[in-house]
1. Taking the range 15-29 only, how many residues are farther than 18 Å from Phe93 by Cβ and in contact (Cβ under 8 Å) with a residue 40 or more places away in the chain?
2. Looking only at the range 75-95, filter to residues that are assigned to a loop (DSSP other than H, G, I, E, B) and of a type outside the set (Lys, Arg); which one of those is least open to solvent (accessible area, probe 1.4 Å)?
3. Only residues that are in a loop (DSSP other than H, G, I, E, B) and within 14 Å of the chain's Cα centre (by Cα): list them for the range 56-74, please.
4. For the range 1-21: of the residues being assigned to a loop (DSSP other than H, G, I, E, B) and open to solvent by 40 Å² or more (accessible area, probe 1.4 Å), which is modelled with the lowest pLDDT?
5. Scan the range 22-74 residue by residue and report those that are touching a His at 6+ places or on another chain (Cβ under 9 Å) and open to solvent by 60 Å² or more (accessible area, probe 1.4 Å).
6. Confirm whether Asp42 is at pLDDT 90 or above and part of a helix (DSSP H, G or I).
7. Do we find a residue being part of a loop (DSSP other than H, G, I, E, B), of a type in the set (A, V, I, L, M, F, W, C) and at negative phi anywhere in the range 31-38?
Amino acid sequence: VAGHIAPWSVDRKNRLNPQNGIAINALHDKAFENGLITITPDFLVKVSSQLLKNTDDTAMNQYFLPYNNKKIIEPKRFLPNPKFLEYHNNKVFKA
């Protein structure tokens, strides 16, 4: 899935900007859109404290915890713009 960092509804001029996008699977895209995970401006994945409360949950341990504080695999082209990532961290992410 091609996910948007700054949502379409918020930043119309960057809807098609490739630096406002990330390649992400559907599960993590939904979590990202809902602020349950984020990517920091230095490209680390952060999992929301709302999800971290469920560490005894099998799905949580399998699909989210392994990525917490891990660096993303950086794309060869169109690295996400830290400005958009900062927006997501400050306005969307539920720390």
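1. Number of matching residues: 4.
2. Top of the filtered list is Pro80.
3. The answer is Phe64, Asn68, Asn69, Lys70, Ile72, Ile73, Glu74.
4. Per the criteria, the residue is Trp8.
5. Glu33, Tyr63, Tyr67
6. In short, no.
7. Yes: one or more hits.
The values are calculated or read from the model by the stated rules, or taken from the named source; none is laboratory data. Not measured: the values here are computed from a predicted model. Here Cβ is always computed from backbone atoms with ideal geometry, including for glycine, and neighbour counts include all displayed protein chains. Quick note on the areas: whole protein, heavy atoms, side chains included, nothing else; ligands and nucleic acids left out. Shrake-Rupley method; radii C 1.70, N 1.55, O 1.52, S 1.80 Å.
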